[in-house]
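I have placed the structure first, in the form of structure tokens, so that the comments after it can refer back to it.
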């Protein structure tokens, strides 16, 4: 993943440069001490997939920088203050790093960035259509219309807002067919559409479907992966 660093603090830049070079999955394409120079390079190149961005920058701060981009890449914000965190997540940033940044925390943010990148790559999959057998007919269904998948012994049931389809599939097989950026396994018997999640509780989650709440159990062994896979802002 090609990335750039945008930070007017030289020490912070050196720390991030060192961390990036330790990460074989990242390629450092540039380091910029001001947002305007970084914006200019993004307008020239379409292969920059990740930006490490400081908030307090000269001329154009980090928020103005993000707002000036028509299609922002994945962005990881870094700051020495917690006060910008809520606003940062309003801009759909991947993660918010408190300075000084440790390598362990950096690695966690990179893992999230790759999940976000995968999600963007699979957005087109939402419009993909599949044909599901129902009775003697084959019914066309868009992937994004699937709300959740429920396991029933050797079968699985695909639930949509208005219908359900039971097919002879294992849970593992159906999980492998679902776009990872759109769906997440939350229980040995359930896979859910992440865009439908309204709330996550101790051992269940709520899906908002056509104005109604559907409660889905969350298995203990799946909870950590679920929280890691979504954008959680908590102290």
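The values are calculated or read from the model by the stated rules, or taken from the named source; none is laboratory data. Being a predicted model, the structure only gives us computed values, none of them experimental. Note: ideal-geometry Cβ built from the backbone for every residue, glycine included; neighbour counts use all protein chains shown.
Within the stretch 205-216, the set of residues being more than 22 Å from the chain's Cα centre (by Cα), surrounded by fewer than 16 Cβ atoms within 10 Å (Cβ to Cβ) and on the phi < 0 side of the Ramachandran plot comprises 212, 213, 215. Could you grab me the full set of residues in the stretch 10-19 that are out of contact with any helix residue (DSSP H, G or I) (no Cβ under 7 Å at 6 or more places or on another chain) and in contact (Cβ under 8 Å) with a residue 60 or more places away in the chain? The answer is 12, 15, 16. Pairs linking a residue in the stretch 25-47 that is in contact (Cβ under 8 Å) with a residue 60 or more places away in the chain to a residue that is part of a loop (DSSP other than H, G, I, E, B), with Cβ atoms under 8 Å and 6 or more positions apart or on different chains, are 25/1; 26/1.
Just one residue in the set 166, 160 is in contact with a helix residue (DSSP H, G or I) (Cβ under 7 Å, 6 or more places away or on another chain) and over 30 Å from residue 110 (Cβ atoms); that residue is 160. Looking across the stretch 90-124 at every residue that is closer than 17 Å to residue 63 by Cβ and under 12 Å from the mean Cα position of the chain (by Cα), the one that is modelled with the lowest pLDDT is identified as 92. Please specify each residue of the stretch 176-220 satisfying the condition of being assigned to a helix (DSSP H, G or I) and under 22 Å from residue 109 (Cα atoms). Correct list: 194, 195.
For the stretch 125-136, does any single residue satisfy the condition of being at pLDDT 90 or above, within 23 Å of the chain's Cα centre (by Cα) and more than 30 Å from residue 87 (Cβ to Cβ)? Among the residues of the stretch 125-136, not one is at pLDDT 90 or above, within 23 Å of the chain's Cα centre (by Cα) and more than 30 Å from residue 87 (Cβ to Cβ), which makes the answer no.
To keep it simple, each residue is scored yes or no on (1) crowded, with 18+ Cβ neighbours inside 10 Å; (2) within 24 Å of residue 225 (Cα to Cα); (3) in contact with a strand residue (DSSP E or B) (Cβ under 9 Å, 6 or more places away or on another chain).
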position: 132; (1), (2), (3): no, no, yes
position: 139; (1), (2), (3): no, no, yes
position: 150; (1), (2), (3): yes, yes, yes
position: 157; (1), (2), (3): no, yes, yes
position: 162; (1), (2), (3): no, no, no
position: 168; (1), (2), (3): no, no, yes
position: 177; (1), (2), (3): no, yes, yes
position: 200; (1), (2), (3): no, yes, yes
position: 203; (1), (2), (3): no, yes, yes
